[in-house]
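Visitor: Let me begin by handing over the structure; questions about it come next.
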């Protein structure tokens, strides 16, 4: 994959200054590189992206089969 | 599956007067946090209630999270007697809100809405500022998670707007 090049404005989210809302979000655990990727899209593309993500999670859940559970395995 | 896309097309097809709010509105503003349902704040005038009912029937809507034996008639009178409803539909999970916490009803939401062209139609989307107010008012853990990202997006947007004239 190609390396992502961020603009100066985008860098304020990727590498926020202390005391900013972006820094608070990062410290809260938000991956703001995903936010930047989303902000590059149109509103319609953002919704299509959301639908794809939700569909992928749904398919994963559907295909998931537990082989065994740690709590049930005998040591 | 394109749940949100299909739901938005349903809104367009039946010309429902509503404002996109909640997680999908956050997505439209740039949030990366996934959501599985579409929340709309709908106009409660009689003509719109009729449109909403036609759309819900066309999408085979059933009440979500309610006991199967709970008597429920999907008609305008039911909507009139209630305010907020959660539905499962052929097009996914759809939540109807008569009011949005921290903002108000449909008229207030429209007053504070942006317009976006989505899938060939224009739709009202609750403004980022009011979306933040609604998340703050709701105050659930998932709202707080969304809140911090939305505040970062707002800060980024304001910085971009204030820098824009210099770059021209």
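Nothing in this text is a laboratory measurement; each read-out follows from the coordinates by a stated rule. On a predicted model such as this, the values are computed, not experimentally measured, just so you know. Every residue, glycine as well, gets a Cβ built from its backbone with ideal geometry; the counts of neighbours run over all protein chains shown.
Visitor: If R0 is 25 Å, what FRET efficiency do you get for residue B:57 and residue B:121 from their C-beta distance, rounded to 0.05?
Guide: 0.75
Visitor: Shielding of B:33-44 by partners, i.e. mean partner chain Cβ atoms within 10 Å per residue?
Guide: That works out to 2 on average.
Visitor: Now for a separate question. Of the candidates B:140, B:64, B:54, which one comes out as most mobile in a Gaussian network treatment of chain B with C-alpha springs shorter than 10 Å?
Guide: Of B:140, B:64, B:54, the most mobile in the Gaussian network model is B:140.
Visitor: Can you tell me the 0 to 90 degree angle between the C-alpha axis of helix B:46-58 and the longest principal axis of chain B, rounded to 10?
Guide: 80
Visitor: Run the quick spin-label model on residue B:136 and residue A:63: label points 7 Å from Cα toward the beta carbon, then report their separation in nm to one decimal.
Guide: Rounded to a tenth, the inter-label distance reads 4.3 nm.
Visitor: By how many nm would the segment from residue A:9 to residue A:49 grow when fully extended, if each residue of separation counts as 0.36 nm and the alpha-carbon distance is taken off?
Guide: The span from residue A:9 to residue A:49 would gain 12.1 nm if fully extended.
Visitor: For residue B:75 and residue B:99, calculate 0.36 nm times their separation in residues minus their Cα-Cα distance, and state this gained length in nm to one decimal.
Guide: Between residue B:75 and residue B:99, full extension yields 6.7 nm more.
Visitor: When Cβ neighbours within 10 Å are restricted to other protein chains, what is their mean count per residue of peptide B:138-151?
Guide: Numbers: counts 0, 0, 0, 0, 0, 0, 1, 4, 1, 4, 9, 14, 3, 5.
Counting Cβ atoms of other protein chains within 10 Å of each residue's Cβ and averaging gives 3.
Visitor: With the alpha-carbon atoms as the only input, what is the per residue convex hull volume for the protein assembly as shown in Å³? List each step's numbers first, then the result.
Guide: Numbers: hull volume 46.9 nm³, N = 243.
So the per-residue hull volume is 193 Å³.
Visitor: For segment B:49-168, what class follows from the C-alpha gyration tensor (a ≥ b ≥ c being the square roots of its eigenvalues): rounded when a/c is under 1.5, otherwise prolate if a/b is larger than b/c, else oblate?
Guide: prolate
Visitor: Can you give the mean number of other chain Cβ atoms that lie within 10 Å of the Cβ atoms in peptide A:29-35? Could you put the intermediate results ahead of the total?
Guide: Details: counts 3, 8, 2, 5, 1, 5, 9.
Whole-number average of other-chain Cβ neighbours for A:29-35 is 5.
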